[in-house]
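Data first, discussion second: the structure below is written as structure tokens.
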Amino acid sequence: MSEFFKQLIAQLSAIWQKLSLQQKIITVSLVAFTLLGMIGLLMWSQTGGKKEAGFKVLYSDLEVERAADVTEALQKANYKYKLENNGRTVLVEAKHLYEIRMNLAREGLPGSTGWGYELFDKTNLGMTDYVQKINARRALEGELQRTIEGLEEVKSARVHIVIPEPTIFLDAQKDAKASVVIKCVPGRQLGKEQIRGITNLVSSSVDGLKPQNISVVDFNGKLLNNPFGDDDLALASSRNMELQQTVEKYLENKSNQILTNILGPSKAYVKIACDLDFDKVEKTMEKYDPESRVIRSEERIDETVKNAPDGDNQKERSLTNYEIDKTVQRIVQEVGNIKRITISVAVDGRYEIGSDKKPVFVARTAEEMQNIEDLVKNAVGYDLTRGDQITVSSIKFDNELLRGEQLEIQKREQWDKYMQIAKYVLAFFIAAGFLLFLRYLTKTVAEAMNPPIPALEKLGFEEPVVEEVPEDLKRSSEILERVEMLTREEPVNIAAIIRLWLSENVASGKKKK
């Protein structure tokens, strides 16, 4: 094996000596870059190992109470930990991270700050009725808190419930009340439907709790669900305004959708103002039809008098009661009916390329405007008898900002496209250069390992000088050729002759002795 290494070193040394200065620089650079890459990879792996062996985040952005419970459990279990972010982030050793999480989860940490119905898991025989009621309310608050915190937008919540003591006097009985404090996830917020859902959730979970007696507040102290308090008039006005905005937005979406499909995006805008009737009216109407009579009852009386002084008399009387047709109607008019609609439609014209290659505005024709007006009327339910109004105008939109943004986007996309092509071209040239370098390096190494055989130097004479061979050499060569020929043709005889020569040499040697 040592001989192999000696030969290898000798060959490498010979190859290095035969390389030119440029080839030596290229080879040294390639080896240096390879070694640097391997060293960097090794250092990166070692850094990753150190990071793995260091501390990792166990829980982040904890409440102070929860962080205190977690650190207390870690101290009891003799785990090393660190605190960051003002004690709200707990870090532990990376090798014990998942083990610690499992152990803390087994102990219910870092659970919610509120307690649920697990308060009643342990039976306390000495508990009074008052403490039992307090624990029942705490458990209910904790369960509601956990349910609300389960929402995606809610980070933490607190629930406070006030349940008055029952009394036999109905006039003195007070309603239950509740307050919900919510902290949302950064960048998220609760919508009106979600706030209404939380309100109904709490009211449905507490007996005798009405939705209007629930206050939903964020951590900044802003009231979310009932901004008008006990002002019923202001609350009704707010609801009416919300209903009006909902109706207007619904009709606008219908109109804009149909115009967008026909004219294209950002070519027409529709704004609608609705006048809604919020008066709740109940009417009772009675109508009589004098032309229609029906006999209700009839009475006839016949009287006959005989042997009277003036002779016999006979009287007849009749009484007929008629009933006239009567119609009774009770009409209840619901809140929110549309009294009147005012529609405004702005339509952008067409743009044609002028002689200077710039877009020129061309207004819509009267027929097009009439078609657009008819479409909008049918979409919103236009009623002329109701006093509805509509205005459709062809106006040149100021789209300079939009065009500037579109040009900027096009330039950016074109630049990104060019950069992508440049990346591919650069990668192609780098790959081609690397292949050419490998080819050159391989060729150089092959030439160095297999040097060409030097050619024989030509003599200065044009024709070689032939020297004359002596006669004795000619004779010996002829004899050798004949012996070689005889050896091939008669090998047996030649072998016998050689044995005879050998025996004669041996005999002559003995005589000399």
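Pick out the one residue from I341, I272 that is at pLDDT 85 or above, open to solvent by less than 60 Å² (accessible area, probe 1.4 Å) and in contact with a Cys (Cβ under 6 Å, 6 or more places away or on another chain).
Values: I272 fails: in contact with a Cys (Cβ under 6 Å, 6 or more places away or on another chain).
None of the other options fit; the residue is I341.
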### Message
For L251, only one of the following conditions fails: (1) assigned to a strand (DSSP E or B); (2) touching a strand residue (DSSP E or B) at 6+ places or on another chain (Cβ under 7 Å). What is its number?
### Response
(1)
### Query
Under 9 Å by Cβ, and 6 or more places apart or on different chains, what pairs join a residue from segment 390-411 that is in contact (Cβ under 8 Å) with a residue 24 or more places away in the chain with one that is open to solvent by 100 Å² or more (accessible area, probe 1.4 Å)?
F397/Y269
### Query
In segment 358-392, how many residues are loosely packed, with under 12 Cβ neighbours inside 10 Å and in contact with a Ser or Thr (Cβ under 8 Å, 6 or more places away or on another chain)?
1
#### Entry: Verdict on L190 being in contact with a helix residue (DSSP H, G or I) (Cβ under 8 Å, 6 or more places away or on another chain), of a type in the set (A, V, I, L, M, F, W, C), in a loop (DSSP other than H, G, I, E, B) and open to solvent by less than 50 Å² (accessible area, probe 1.4 Å)
yes
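Could you say whether any residue in segment 220-231 is touching a Gly at 6+ places or on another chain (Cβ under 9 Å), closer than 30 Å to E63 by Cα and without any contact (Cβ under 8 Å) to a residue 60 or more places away in the chain? Explain how you work it out, then say what you get.
Filtering segment 220-231 for residues touching a Gly at 6+ places or on another chain (Cβ under 9 Å) gives 223.
Going one step further and asking which of them are closer than 30 Å to E63 by Cα, we end up with 223.
With without any contact (Cβ under 8 Å) to a residue 60 or more places away in the chain added as a condition, the list becomes 223.
Yes - at least one qualifying residue is present in segment 220-231.
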### Query
Looking at I182, is it surrounded by 14 or more Cβ atoms within 10 Å (Cβ to Cβ), in contact with a Leu (Cβ under 8 Å, 6 or more places away or on another chain), touching a residue at least 40 places away in the same chain (Cβ under 8 Å) and over 19 Å from G208 (Cα atoms)?
yes
### Message
Quick test for you: out of D207, D230, pick the one residue that is open to solvent by 40 Å² or more (accessible area, probe 1.4 Å), in a loop (DSSP other than H, G, I, E, B) and at pLDDT below 85.
### Response
D230
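Filter segment 67-95 down to the residues that are more than 13 Å from V57 (Cβ to Cβ), surrounded by 15 or more Cβ atoms within 10 Å (Cβ to Cβ) and not β-branched (V, I, T), then identify the one that is nearest to the chain's Cα centre (by Cα). Explain how you work it out, then say what you get.
Step one: filter segment 67-95 for residues more than 13 Å from V57 (Cβ to Cβ), giving 68-69, 71-80, 86-87, 95.
Then drop every residue that is not surrounded by 15 or more Cβ atoms within 10 Å (Cβ to Cβ), which leaves 69, 71, 73-74, 79.
Right, trim to not β-branched (V, I, T) and you get 69, 73-74, 79.
Values: D69: 34, A73: 36, L74: 36, Y79: 37 Å.
Only one residue tops the list, namely D69.
Tell me, which helices (runs of 4 or more DSSP H) lie completely within segment 62-178 with 3 or more residues that are within 28 Å of L190 (Cβ to Cβ) and free of Cβ contacts under 8 Å to residues at least 60 places away in the same chain?
Details: elements: 64-76, 97-106, 129-149.
Output list reads 64-76, 129-149.
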### Task
Starting from segment 475-494, keep only residues that are free of Cβ contacts under 8 Å to residues at least 12 places away in the same chain, then list their pairs with residues that are of a type in the set (S, T, N, Q) and open to solvent by less than 100 Å² (accessible area, probe 1.4 Å) whose Cβ atoms are within a distance under 6 Å, requiring at least 6 positions of separation or different chains.
I494/T487
### Task
Would you point out the residue of segment 168-187, among those that are within 13 Å of V154 (Cβ to Cβ) and modelled with pLDDT of 85 or more, that is nearest to the chain's Cα centre (by Cα)?
C184
### Message
Would you confirm whether or not segment 338-359 contains a residue that is over 30 Å from T246 (Cβ atoms) and of a type in the set (A, V, I, L, M, F, W, C)?
### Response
yes
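Could you tell me which of the residues S292, S355, S266 is among the polar types (S, T, N, Q), open to solvent by less than 70 Å² (accessible area, probe 1.4 Å) and at pLDDT 75 or above?
On the way: S292 fails: at pLDDT 75 or above; S355 fails: open to solvent by less than 70 Å² (accessible area, probe 1.4 Å).
When all the criteria are applied, what remains is S266.
The values are calculated or read from the model by the stated rules, or taken from the named source; none is laboratory data. Every value quoted in this text rests on a predicted model; they were computed, and no experiment measured them. Here the Cβ is made from the backbone with ideal geometry for all residues, glycine too, and neighbour counts use every protein chain on show. For accessibility, only protein heavy atoms count, side chains too; no ligands or nucleic acids. Shrake-Rupley method; radii C 1.70, N 1.55, O 1.52, S 1.80 Å.
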